[in-house]
Protein chains: 2
Amino acid sequence: MGALRLPSLTSIFAVSSARSSLFPRRSKQLNVRKLTSSAKVFAKSTPATEVAPAESNQKLPVQEQGITPRSQDFNAWYLDVISMAELADYGPVRGTMVIRPYGYAIWEAIQDYLNIKFKETGHSNMYFPQFIPYSFIEKEASHVEGFSPELALVTVGGGKELEEKLVVRPTSETIVNHMFTQWIQSYRDLPLMINQWANVTRWEMRTKPFIRTLEFLWQEGHTAHATPEEAEKEAMQMIDVYTKFSYEQAAIPVIPGRKSRVETFAGADRTYTIEAMMGDRKALQAGTSHNLGQNFSRAFGTQFADENGLRQHVWQTSWAISTRFVGGIIMTHGDDAGLMLPPRLASVQVVIVPIWKKAIEKNEVLDAALSVKDVLHTAGIKVKLDDSDQRTPGWKFNFWEMKGVPLRIEIGPRDVSSRSVVISRRDIPGKPGKVFGISMESSVLAPYITEKLDEIQSSLLEKATAFRDSNIVDVSSYDELKEAISQGKWARGPWVGSDEDESKSSRRSCNIC
Amino acid sequence: MGALRLPSLTSIFAVSSARSSLFPRRSKQLNVRKLTSSAKVFAKSTPATEVAPAESNQKLPVQEQGITPRSQDFNAWYLDVISMAELADYGPVRGTMVIRPYGYAIWEAIQDYLNIKFKETGHSNMYFPQFIPYSFIEKEASHVEGFSPELALVTVGGGKELEEKLVVRPTSETIVNHMFTQWIQSYRDLPLMINQWANVTRWEMRTKPFIRTLEFLWQEGHTAHATPEEAEKEAMQMIDVYTKFSYEQAAIPVIPGRKSRVETFAGADRTYTIEAMMGDRKALQAGTSHNLGQNFSRAFGTQFADENGLRQHVWQTSWAISTRFVGGIIMTHGDDAGLMLPPRLASVQVVIVPIWKKAIEKNEVLDAALSVKDVLHTAGIKVKLDDSDQRTPGWKFNFWEMKGVPLRIEIGPRDVSSRSVVISRRDIPGKPGKVFGISMESSVLAPYITEKLDEIQSSLLEKATAFRDSNIVDVSSYDELKEAISQGKWARGPWVGSDEDESKSSRRSCNIC
């Protein structure tokens, strides 16, 4: 797709007005950092509708007749897509989610990309225990205030009441610092840059599959540095990695920026965020990167001897992207026909549907379909042949469209005779998205498909960007701001950065408060 | 390494006498399955020494003077290696472990290999919630009996006492079946074959890093089939995948076999296992594959309509390998100098140590070292250049030997002049493992290193196999058995398969009972 024009972190400062977003916890403590005025994007947040039932055994809706139209009820549409595309199901415990293979494959694609980027930027994977002594959480004042309402506690182990109750990690800054004190002695041990892929638990009351669940999967990076400049550079670097990932892999034109003081992570000096506009024009916080300053290192005594032998507290960062991102992909690109996956994150990029009527046609059609599959597989394209007898081609078309597969190849008896195929794009419905008579020859077909996938990838990003930009209004007064928000749009304007301003706008725009 | 001669599952039936092994839980219920007589290998189990302290902040031993000799105190040696090779550390909660980057990299190599094999054999990854309603655990009678003493329970969530306490998963058969009932309707939905990479919690009283910890990482495969034959075939297939992995990647000559009734997984009809002989001649259960029969499907009502429309319970399997395997690698190959990694699982296969005395030599030596690094990296070899100024070459030699890096390349000023390098094998100490004057030319060096790595891989397996075989005695009477066990050896002999026999041998051989 060539070079992408990414919004610059220093030029756009945007925050979502979500009052209760998944990753950052509101710090109610005053930070020492002085807020400077900045531009701010005001927007409705994606609501965390109460969809998880109290009783277990609840199923996501399955409507044989199809998916609720997106324009009719965005939330019902979202749940329909998750169910019918077999992305996830409710777990037996309220607010938990089972990630099914087709949904998990999206997460694996996210992992594959980010793992390489994390390692390229000098981070190593490791693993911390998920049980954290309760006393650790209390050590950093704003951290405990932000997280304590949402903790799951283990109080019984091996049949006995525990002396100290254990927190099931909601995030790992505390245990990371506990260990860092053992590994960091001098400046030679810095920077220390690690990451873990893990599950985390937050006792959310309002949940929604992928967007906000009691337990979710994420990666959490944790770093320690000798200087505040290095920590700031790292926090910015990682929000930049997330931004590039969003644009180039997920085709989501996120707006990177800095959170307001109220929304800064509980225990951080600064929180950078990438905010995405969903199909209902609500904002989704899709990833965050925190400059933790010395807040945790002071609380835990994480010190190093500098080059002059003086003991100093380390400067730290943490940053995370979670399975919430899968929800963001659904709500950015999906349409009335279902899911629409960006080719670079699709576990099936091309589905082949063979078509025959008479038994005599079946063999030659299947042979051709298999050879096309081989051609594409050899070219490194993720291809699936749906050769099941139990469903009609029409049913298969709908099914794979609903699953969001970027390209479909149809092969019937006439195509076999002409040694060509019919190709349909998921992102362009009907005839305009269809091309006939593309040769089955590998020298023609493989590069053609590769090019089409690239086109779709770019096209999804362009479409999402155009949608986003047509829904952001520049405002210069509070009245203009109210007007934009009332139209369901995002408002971009100068902002002095005060808590008072923010609470005023939040009251107006947040529909779950 | 060419084709490996693997012991056949049907010809060798071996069980470890470990009374409290990590994965299977003793089923105290009588199984309907009739036990047939089989050969049995009796052995001491690897003890789960109480090494984790009650207080937090305990550190693994760090001895600047070196590692405890293996022959002197195997357990102390094991803990020294884990600490000094920076594989893991104790977590703050008793019995938990922090897996450090160098140890986690071994786990990642295990994951990379197995993930491909699991997918090749038709399994998809997914994710189940870790919180399981307590009532689920109670549904399968032998399952609750096996696991209930070791459960961690969440009783408080979001500041409130929970109505039903939640189990932090010790394994997932129960929640898997709960979900399978929703996904399986007819024979067309079978086989259903999934896997998850996850953390699990078992409240063990005696813990030891990697070998037995309160929380550990593993993969757990779960499958459902229409017939008992298919389930048995799957259980065997997966223990075969584990066996091949152990031989070909980990260079551990495990003995695959079937567990006795007493050691069968709590809820399984049959448990297959791979048992490895550690350097102290104790047995380590390194992986298990269970034929669950219909035990869980009957408890949870997991049914399908067969081709005649009749409702039947599915036949199931589950199988797991965990971070315990990392402990098995340490205890199989390590020696007095520290860790010894099989090349195929080593995150650093070759370390380059540049040697210079005068400042004038430094640049040319480092230039040569960098170009050698590039040559190997380009050839797909995992190579690290240790160019730090702070340590002497001698210190670096010891350090990387202790870390178990298979090959070391030394480059000094004379090597630069002759355009050649010195190569040392980790597995052959001193001069016999050293080769001088290998050309730096990529056309010579890269294939030479690749071949050496293959040689080391084969050699580690051969050595471990010879050690294993020299410590297994064929016995034909109980007295011979006692004699072999008293010598610390394994005994192989015919066995009627009775519980009485087994408890007799366990009393004699198990040193933690």
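Considering all C-alpha pairs of segment B:59-154, those separated by over 19 Å amount to 66%.
Across the alpha-carbon atoms of segment A:114-155, the computed radius of gyration and Dmax are 14.9, 41 angstrom.
Among B:HIS290, B:HIS222, B:HIS178, a tally of other beta-carbon atoms within 10 Å of each Cβ gives an order, fewest to most, of B:HIS178, B:HIS222, B:HIS290. Inter-chain neighbour count for A:130-138: the average number of beta-carbon atoms from partner chains within 10 Å of each residue's beta-carbon is 4. Please report, for B:GLU455, the nm distances (one decimal) from its label point, 7 Å out from Cα along the beta-carbon direction, to the equivalent points in the remaining copies, shortest first. Ordered by distance, the counterparts are at 5.5 nm.
Between segment A:252-283 and segment A:360-391, the C-alpha centres lie 44 angstrom from each other. Which whole DSSP H helices in chain B pass both tests: a Cα extent of 24 Å or more along the axis and a mean Kyte-Doolittle value no lower than -1.0? Passing helices, by number: B:101-120, B:228-248, B:359-378, B:442-469. Straight Cα distances below 22 angstrom link A:LYS504 to the lysines A:LYS28, A:LYS34, A:LYS40, A:LYS44, A:LYS259, A:LYS282, A:LYS482, A:LYS489, with same-chain residues fewer than 8 positions distant left out.
Here the Karplus curve 6.51 cos²θ - 1.76 cosθ + 1.60, taken at θ = phi - 60°, turns the phi angles of segment B:295-304 into couplings of 4, 7, 5, 6, 5, 9, x, 7, 10, 9 Hz, with x standing for Gly and Pro.
Distances between placed amide hydrogens fall under 5 Å for A:GLY412 paired with A:ILE355, all partners being 5 or more residues away or on another chain.
Taken over segment A:270-397, the alpha-carbon convex hull comes to 169 cubic angstrom per residue.
Building the convex hull from the alpha-carbon atoms of segment A:363-484 and averaging its projection over directions returns 10.1 nm².
The convex hull of the Cα atoms of segment A:106-180, projected and averaged over all directions, covers 7.2 nm². When B:LYS117, A:LYS259 are sorted by how many other C-beta atoms sit within 10 angstrom of their C-beta, beginning with the fewest, the order is B:LYS117, A:LYS259. Backbone geometry of segment B:279-288 corresponds, through the Karplus equation with coefficients 6.51, -1.76 and 1.60 at θ = phi - 60°, to 3J(HN,Hα) couplings of x, 9, 6, 8, 8, 10, 6, 9, x, 9 Hz, x marking Gly and Pro. In terms of overall dimensions, segment A:254-324 has a Cα radius of gyration and Dmax of 15.9, 56 angstrom. This model, with +1 at the C-beta of Lys and Arg and -1 at the C-beta of Asp and Glu, gives the protein assembly as shown a dipole about its Cα centre of some 340 debye.
Measuring nothing but alpha carbons in segment B:284-329 and taking Rh as the Kirkwood radius, the Rg to Rh ratio lands at 1.26. Rounded to the nearest 20, the size of the Cβ-charge dipole of chain A about its Cα centre is 680 debye, with Lys and Arg at +1 and Asp and Glu at -1. With the simple spin-label model, which puts each label point 7 Å out from Cα in the Cβ direction, the B:ASP469 to B:THR378 separation comes to 4.2 nm.
The Cα-based radius of gyration and maximum Cα-Cα distance (Dmax) for segment B:141-248 are 17.0, 51 Å. With θ taken as phi - 60° and the Karplus curve 6.51 cos²θ - 1.76 cosθ + 1.60 applied, the whole-hertz 3J(HN,Hα) list for segment A:249-266 is 9, 8, 6, 10, x, 5, 10, x, x, 10, 6, 5, 4, 4, 9, 5, 3, 5 Hz, x standing for glycine and proline. Placing one identical point scatterer on every Cα of segment B:96-135 and ignoring solvent, what is log10 I(q)/I(0) from the Debye formula at q = 0.16, 0.29, 0.34 Å⁻¹? Debye output, listed in q order: -0.67, -0.91, -1.02. Amide hydrogen proximity for A:TRP495: with H placed 1.01 Å from N in the peptide plane, the residues at 5 or more positions away or on another chain lying under 5 Å are A:SER38, A:ALA39, A:LYS40. Share of pairwise Cα-Cα distances greater than 17 Å in segment B:401-465 is 43 percent (whole percent). Here each label is just a point 7 Å from Cα along the line to Cβ, and for A:GLU455 and A:TRP183 those points are 4.8 nm apart. With the helix formula -39500 (n - 2.57) applied to DSSP H stretches of n ≥ 4, the protein assembly as shown reaches a computed 222 nm mean residue ellipticity of -10500 deg cm²/dmol. Derived value for chain B: Kirkwood hydrodynamic radius 24.5 Å. Basis is the mean of 1/r over every pair of different alpha-carbon atoms. For segment B:303-367, the list of GluC sites (Glu not before Pro) that fall in a loop by DSSP and count at most 13 other C-beta atoms within 10 angstrom reads B:GLU307. Taking every alpha-carbon pair under 8 Å whose residues sit at least 6 apart, chain A reaches a relative contact order of 19 percent.
Label-point distances for A:ASP112 to the equivalent site in the other copies, using a point 7 angstrom along Cα→C-beta, read 1.4 nm when ranked shortest first.
Label-to-label distance, B:LYS119 versus B:ASP306, with points set 7 angstrom from Cα along the beta-carbon direction: 3.5 nm. When Rg and the Kirkwood Rh are both derived from Cα coordinates, the Rg/Rh ratio for the protein assembly as shown amounts to 0.97.
Stretching the chain fully between A:TYR478 and A:SER388 yields a gain of 26.5 nm (0.36 nm per residue, less the alpha carbon separation). Along the axis of the charge dipole computed for segment A:59-136 (Cβ charges of +1 for Lys and Arg, -1 for Asp and Glu, origin at the Cα centre), the listed residues A:LEU87, A:TRP77, A:GLN130 are led at the positive end by A:GLN130. Secondary structure note: in chain B, about 80% of the DSSP beta bridges are antiparallel.
When the P(r) of segment A:350-410 is calculated, the portion above 13 Å amounts to 59% of the C-alpha pairs.
Here B:ILE255, A:ILE116 are placed in order of increasing Cβ neighbour count within 10 Å, fewest first, which gives A:ILE116, B:ILE255. Averaging the Cα positions of each part gives two centres, and for segment B:186-206 and segment A:74-110 these lie 18 Å apart. At q = 0.17 Å⁻¹, what is the base-10 log of I(q)/I(0) for segment B:169-325 according to the Debye formula with one equal point scatterer per Cα and no solvent? Please give it to two decimals. Values returned for q = 0.17 Å⁻¹ are -0.99. Inter-copy label distances at B:ALA305, using a point 7 Å along Cα-to-Cβ, come to 7.6 nm with the shortest given first.
Bear in mind these aren't lab numbers, they're just calculated from the coordinates by the rules spelled out. This structure is a prediction, so every number in the text was calculated from the model and none was measured. All Cβ positions, even for glycine, are placed from backbone atoms using ideal geometry, and neighbour counts span all protein chains on display.
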